[in-house]
Amino acid sequence: VANATEAVETRQARAIHLPADGSMWVFVLGDLVIFGAYFLIFMICRNQEHQLFLDSQRHLSLNIGTANTLLLLASSWFVANGVHATRAGEYRRALVLTLWGGACGVGFVLVKAYEWTSKIGAGLTFPHNDFYMFYYMLTGIHLFHVLLGLVFLGVVVAELRDPDKRRPSMVETGATYWHMVDLLWVMIFPLLYLVSWR
Amino acid sequence: MTPGGRQVTAAWGYLLAATALCGWLIETHRGVRWTAVVVTLIASSKVYVIANHFMKLNTAPLVWRAAVGIWLLIATAVVLPGSW
């Protein structure tokens with residue numbers, strides 16, 4: 001049975017098909033374009049106020065940013081394996097993996113809340129300077145996407161729990177959105193926390 | 001674990017290693033110009049891996065792969081000159 005499942009999955013993996021719903025991919029592309037525009041505006045402002053951005057960036061914690069990255073990467077691993085478990089008909093395993101993915105997403109939200117609270121407590125608020133305006137805007141819009149992603153994962157969990165409502169396409173669609181959230185963070189993290197030079 | 005699951009885990013291993021490498025580069029070579037460039041290129045490679053192995057874009061029709069690929073090239077082109 002295991003070999004048969006592997007063979008089926010290998011054939012599925014090789015076949016050309018769009019995972020998830022096409023409209024979700026249109027949404028993903030639209031979101032990527034919007035975030036691309038944010039990155040462009042950020043880089044223009046950064047080049048105009050280079051020293052200010054460099055000094056402000058030093059107040060961000062690399063450890064917190066890395067923790068957030070690891071949480072989202074772990075979350076994506078769980079969700080991606082949840083999709084494979086669904087395709088293999090292992091719905092119970094898919095449910096557990098999706099729940100773990102959501103738990104890591106909640107962890108991301110908590111770490112981000114802690115980071116924002118400490119920054120606001122230190123007086124580094126939205127109007128403090130242009131860098132922090134971008135910091136709160138980019139991480140805030142991304143955080144909204146994470147929260148929306150958690151709602152998506154909740155819908156996936158609800159469907160996986162009910163044998164009459166299980167749809168692999170819905171699991172793939174939720175996973176595609178969740179991975180987009182991860183993908184965007186992978187670009188935001190170096191932009192805000194890492195890339196610095198004199 | 002299924003072949004798809006093994007592929008996902010291998011991609012995840014790369015993403016963790018790339019994240020660790022970026023963290024090490026910033027800790028040891030912060031403020032150096034080439035570090036910013038390398039970190040940006042590593043971030044782009046991570047996006048490529050997530051798109052292809054987590055989102056399964058590598059099995060999608062050409063038009064979707066091209067659309068995301070072009071976005072990644074433009075996003076990298078936007079960030080990279082600023083890094084340099």
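Any read-out appearing in this document is the output of simple, stated calculations on the displayed coordinates, not a laboratory observation. In this text, all values refer to a predicted model and were calculated from it rather than measured experimentally. Positions of Cβ are backbone-derived with ideal geometry, glycine not excepted, and every protein chain shown enters the neighbour counts.
Things to note:
- All conditions but one from (1) among the hydroxyl-bearing types (S, T, Y); (2) within 28 Å of A:I64 (Cα to Cα); (3) surrounded by 15 or more Cβ atoms within 10 Å (Cβ to Cβ); (4) over 14 Å from the mean Cα position of the chain (by Cα) apply to B:T28; the one that does not is (3).
- Single condition A:R166 does not satisfy, out of (1) more than 26 Å from A:V26 (Cα to Cα); (2) more than 7 Å from chain B (Cβ to nearest Cβ): (1)
- Only one of A:L110, A:L99, A:L70, A:L32 that is within 29 Å of B:R6 (Cα to Cα), free of Cβ contacts under 8 Å to residues at least 12 places away in the same chain, assigned to a helix (DSSP H, G or I) and not hydroxyl-bearing (S, T, Y): A:L70
- Pairs, first more than 7 Å from chain A (Cβ to nearest Cβ) in region B:46-72, second assigned to a helix (DSSP H, G or I) and among the aromatic types (F, W, Y), C-beta under 6 Å, six or more apart: B:V49/B:Y14
- Only residues that are within 8 Å of chain A (Cβ to nearest Cβ) and among the aliphatic types (A, V, I, L, M) were counted in region B:26-41, giving 4.
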